[in-house]
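A.B. asks: The structure follows.
The values are calculated or read from the model by the stated rules, or taken from the named source; none is laboratory data. Computed from a prediction, not measured in an experiment: that's the story for all the values here. Accessible surface is based on the protein model in full, side chains and every heavy atom, while ligands, DNA and RNA are left aside. Shrake-Rupley method; radii C 1.70, N 1.55, O 1.52, S 1.80 Å.
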Amino acid sequence: AEIVGGRHVRTAQAERLNALRHAQKSFLTDADALPAAKCSVFFEAAEEAGGDQYDVVEISPGIHGYLVADIAGHGIESAFQASILKALFRENASLLDTPSETLYMMNRALRRNLVDGQHVTAFYLVLNRLSSKGYYSSAGHFPALAVSPNGEIRKLTVEGDILGAFEAPHFQLGTFPIEDGA
């Protein structure tokens, strides 16, 4: 009877995690809803729901912001924090601020919302197709890759502190030219 009960508990836990994964996906942006952003997304949680997040916003016609982030940890707390992160990104992404300034402002709000020891890595890119320039900053996240029309790959790397850990973090700002077809 114990083994059957243990299996029942494991099955119930697996069903709850699966429901949480589906709920997390509902918070993610549908990249197809913004065709002018010219992006596609593949997202799959490894085992359970967690703090993985991405978002795409139109800042102005011809100017889009792209955020990829990961909140340390897994489970319902991190999934909930990911929805807060998305709201903060949408509130702070603007035409007037650079990606580094946006990450700095997001950090201020995240410090009030994250639990002890929790932090966020993020990469934020603004593509201005009107001026053919890209601007980006990183908060301890993996670099993005820019692929030129001829297939040349360029890592977009800059230094930056993780979000949520420091009161006054530092984020470098990188720029690059956008080629047609890149």
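A.B. asks: Would you please give the residues with an amide H less than 5 Å from that of His119, counting only those at least 5 places away or on a separate chain, with H modeled from the backbone geometry?
C.D. replies: Sorted by chain and number, the residues that satisfy this are Ala72.
A.B. asks: With θ taken as phi - 60° and the coefficients 6.51, -1.76 and 1.60, list the Karplus ³J(HN,Hα) couplings across the range 159-174 in order, rounded to whole Hz; mark glycine and proline as x.
C.D. replies: Rounded to whole hertz, the list is 8, x, 6, 5, 7, x, 9, 10, 5, 10, x, 10, 10, 6, 10, x.
A.B. asks: Need one word for the range 90-147: rounded, prolate or oblate. Basis is the Cα gyration tensor (sqrt eigenvalues a ≥ b ≥ c); a/c below 1.5 gives rounded, then a/b vs b/c decides.
C.D. replies: oblate
A.B. asks: Using the Karplus curve 6.51 cos²θ - 1.76 cosθ + 1.60 with θ = phi - 60°, work out ³J(HN,Hα) for each residue of the range 94-100 in order, rounded to whole Hz, and write x for Gly and Pro.
C.D. replies: Per-residue couplings from phi come out as 8, 5, 7, 10, 6, x, 5 Hz.
A.B. asks: Per residue, how large is the accessible surface of the range 70-182? Use a 1.4 angstrom probe and give square angstrom. All intermediate terms of the calculation are to be shown ahead of the outcome.
C.D. replies: Details: 6260 Å² over 113 residues.
Accessible area per residue: 55 Å².
A.B. asks: Each residue of the range 123-130 in order: what ³J(HN,Hα) in whole Hz does its phi give by Karplus 6.51 cos²θ - 1.76 cosθ + 1.60, θ = phi - 60°, with x for Gly and Pro?
C.D. replies: These are the phi-based 3J(HN,Hα) values: 10, 10, 10, 10, 9, 9, 6, 6 Hz.
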